[in-house]
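A.B. asks: Here you go, one structure.
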Amino acid sequence: MTMVPHRPDMTRRLIPLTLLWAVGLILSGWHPHDRATWWMEIAPVLIVLPLLWAWRRRFEATGLVLALIAVHGLILILGGAYSYARVPAGFWVQDWLHLARNPYDRLGHFAQGFVPAIVIREWLIRRVALPRGPTLAMLVLACCLAVSAAYELIEFAAAQALGQGADAFLGAQGDPWDTQWDMLTCLIGAVVALLALSREHDRQLRELRMA
């Protein structure tokens, strides 16, 4: 007799994510390095969380997607607390690897590709019914690059509007090629996500369809 997995309740699964982000926002917002930068960095969290709740009955995401979104939110929240160029964990890695700059910003842009790759993949498979294969992979990568480009344009707008006040938000650390590195790091993150997680993602999609 084949056991059919129990269909999880999206509302129940969103509660721990919401509590985790709420605690993170309280701690990071208690005394951030720069209040304006904090608001700009955590803005995606404040946008995504209401959307998850609003869509919870129309689109039940896999556990993998929710876990990735939760981790990505924490990366943004931590970056907002210190600004990306000053995150202590980044300084530890910088000293350990003898890097010229704090690499936490690179981690953020890696996650900017790694997480959306699986989120977009799930949306294209379930909502657009796009078959697995090279076309799906190329479209996922193109969408991730579009997300990265949009974010870089937001940073450009902030720099134009705020001048030197946007330095902490940009996190360029004096690198004239920071924008290009950010987009490349995002692309690498998306490629790694597809290579590492597609099989597990497909398994969870099958379980969700059977439930």
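A.B. asks: Between Arg199 and Ala67, what is the label-point separation in nm under the 7 Å Cα-to-beta-carbon projection?
C.D. replies: Each label point lies 7 Å from its Cα, and together they span 1.5 nm.
A.B. asks: Separate question: Report the full-extension gain for the segment Ala36 to Thr135: residue separation times 0.36 nm, less the Cα-Cα distance, to one decimal in nm.
C.D. replies: On the way: separation 99, 0.36 × 99 = 35.64 nm, distance 4.05 nm.
The span from Ala36 to Thr135 would gain 31.6 nm if fully extended.
A.B. asks: Nearest 500 deg cm²/dmol is fine: what mean residue ellipticity at 222 nm does the chain get from its DSSP H runs of n ≥ 4 alone, each adding -39,500 (n - 2.57), divided by its residue count? Display every interim value, and only then the final one.
C.D. replies: Numbers: 8 runs with 160 residues, N = 211.
Mean residue ellipticity at 222 nm (helix-derived): -26000 deg cm²/dmol.
A.B. asks: Follow-up. For a protection proxy built on the mean count of beta-carbon atoms within 10 angstrom, sort 30-39, 94-103 highest first, please. Could you put the intermediate results ahead of the total?
C.D. replies: Details: 30-39: 15.6, 94-103: 12.7.
Ranked from most to least packed, the peptides come out as 30-39, 94-103.
A.B. asks: Treating each Cα of the chain as an identical point scatterer and ignoring solvent, apply the Debye formula and state log10 I(q)/I(0) at q = 0.10, 0.14, 0.19 Å⁻¹.
C.D. replies: -0.48, -0.90, -1.44
A.B. asks: Something else about it: Please sort through the DSSP H helices of the chain and keep those with an alpha-carbon extent of at least 18 Å along the long axis and a Kyte-Doolittle average not below 1.0.
C.D. replies: Numbers: long enough: 10-30 (30 Å, 1.16); 35-54 (28 Å, 1.27); 63-82 (29 Å, 2.20); 104-126 (33 Å, 0.30); 134-162 (42 Å, 1.61); 178-210 (45 Å, 0.06).
Helices meeting the span and hydropathy rule in the chain are 10-30, 35-54, 63-82, 134-162.
A.B. asks: Along the positive direction of the dipole of the chain (beta-carbon charges: Lys, Arg +1; Asp, Glu -1; about the Cα centre), which of Trp177, Gln112, Leu20 reaches farthest?
C.D. replies: The residue sitting farthest along the positive end of the dipole is Leu20.
A.B. asks: Hey, another quick one. How far apart, in nm, are the 7 Å Cα→Cβ label points at Arg126 and Asp95?
C.D. replies: Each label point is offset 7 Å from its Cα along the Cβ direction, giving 4.4 nm.
A.B. asks: Roughly what would the spin-label model give for Arg206 and Arg13, points 7 Å off Cα along C-beta, in nm?
C.D. replies: 1.8
A.B. asks: Another question, then. Take every Cα pair under 8 Å in the chain that's 6+ residues apart, average their separations, divide by the length, and report that relative contact order as a whole percent.
C.D. replies: Numbers: 212 pairs, mean separation 55.7, N = 211.
Reported as a whole number, the value is 26 percent.
A.B. asks: What's the center-to-center distance, using Cα atoms, between the range 10-72 and the range 96-153 in Å?
C.D. replies: Here the answer is 18 Å between Cα centres.
A.B. asks: How much length, in nm to one decimal, is gained on full extension between Arg86 and Leu46, taken as 0.36 nm per residue of separation minus their Cα-Cα distance? Kindly include the intermediate steps, with their values, before the conclusion.
C.D. replies: Working: separation 40, 0.36 × 40 = 14.40 nm, distance 2.24 nm.
Stretched fully, the Arg86-Leu46 segment lengthens by 12.2 nm.
The numbers here are math on the coordinates, done by the rules we state, and not lab data. None of these values were measured; they are calculated from a predicted model. Positions of Cβ are backbone-derived with ideal geometry, glycine not excepted, and every protein chain shown enters the neighbour counts.
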